[in-house]
Amino acid sequence: MRMILVGPPGAGKGTQAARLVDTFRIPHISSGDMLRAAVKEGTPMGIEADHHMKLGHLVPDDVVIGMILERIAKPDCAAGFMLDGFPRTRPQAEALDAALATANVALDAVVLIEVPDTLLEERAIGRRTDPASGTIYHLKYNPPPADIVERLVHRKDDTVEAVATRTAKYHSDTAPIIPYYSDKGILKRVDGVGDPDVITQRITAALAH
Ligand code: AMP
């Protein structure tokens, strides 16, 4: 299964990806996680990405495309992968298609997790990540156990200002990939509002059709 999760910031892509890869037994490839790791390590790519990310802007296409194409060429992706946060622009979608065509493979599905803009700010402001396990919590909707609260991380770009910018970027730069995949007949729209377990079931059901 070669698939992509698309949705606005705070749609629940990371949360759902972590659950779905257990079912499908494919690597979860999050462009945001890879970029945050590069920032933490202080690599040249991380230094370049950091100032774009803090402001809620997109990292330039050539940087992200190179990073992801290199990752999906690794042996663990031979039987499939789940991309989370990539592609985020039309040139990224086209570069991915070209690379897959060269490898004689194709995408099976693109899942669009739909959440209204009015819910995105609260989701991001309350989001916390456990650096030890990578688990994503929400202070109100998916509260973490009390004994790990101290170590949880609040992302630098989960501020009111950066979320507004990221949401605007989603509509201007990422939304154009939706008709691109819809025209190919592989787009699955899923309602992303509700209990995370129910949303996982909706995605699984959509993928079965
Ligand atoms: P995410 O964890 O998916 O919300 O991504 C966090 C940030 O990383 C985004 O706001 C962008 O600055 C950057 N980023 C992640 N994926 C991409 C991508 N495919 N293209 C450009 N920038 C990206």
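Since every read-out is calculated from the coordinates, none of them should be taken as a lab result. Keep in mind it's a predicted model, so treat the numbers as computed, not measured. Cβ coordinates were reconstructed from backbone atoms using ideal geometry, including for glycine residues, and neighbour counts include every protein chain displayed.
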>> Need the C-alpha centroid separation for the stretch 34-53 versus the stretch 8-33, integer Å.
In response: 20
>> If you average 1/r across every pair of different Cα atoms in the chain and take the reciprocal, what Kirkwood value do you get, in Å?
In response: 17.5
>> Placing +1 on the Cβ of each Lys and Arg and -1 on the Cβ of each Asp and Glu in the stretch 1-109, which of L58, M1, I72 has its Cα farthest towards the positive end of the resulting dipole?
In response: M1
> When the Karplus curve 6.51 cos²θ - 1.76 cosθ + 1.60 is applied with θ = phi - 60°, which whole-Hz ³J(HN,Hα) does each residue of the stretch 196-209 get, with x for Gly and Pro?
Replying inline: x, 5, 5, 5, 4, 5, 4, 5, 4, 5, 5, 6, 7, 9
>> Projecting each Cα onto the charge dipole of the chain (Lys/Arg +1, Asp/Glu -1 at the beta carbon, about the Cα centre), which of V105, T43, I125 comes out farthest on the positive side?
In response: V105
> Hey, got a sec? Which trypsin sites (Lys or Arg not before Pro) in the stretch 12-68 land in a DSSP loop and have at most 14 other Cβ atoms within 10 Å?
Replying inline: R25
>> Among DSSP bridges having both ends in the chain, what percentage is antiparallel? Round to the nearest 5.
In response: 25
> Among T23, T159, T135, which one shows the biggest mean-square fluctuation in a GNM of the chain, springs joining Cα atoms closer than 10 Å?
Replying inline: T23
>> Per DSSP helix of 4 or more residues, -39500 (n - 2.57); summed, then divided by the residues of the chain. What does that give at 222 nm, rounded to the nearest 500?
In response: -14500 deg cm²/dmol
> Can you list residues whose amide H is under 5 Å from V6's amide H, if they're 5+ apart or on another chain and H is modeled 1.01 Å from N?
Replying inline: V111, L112, I113
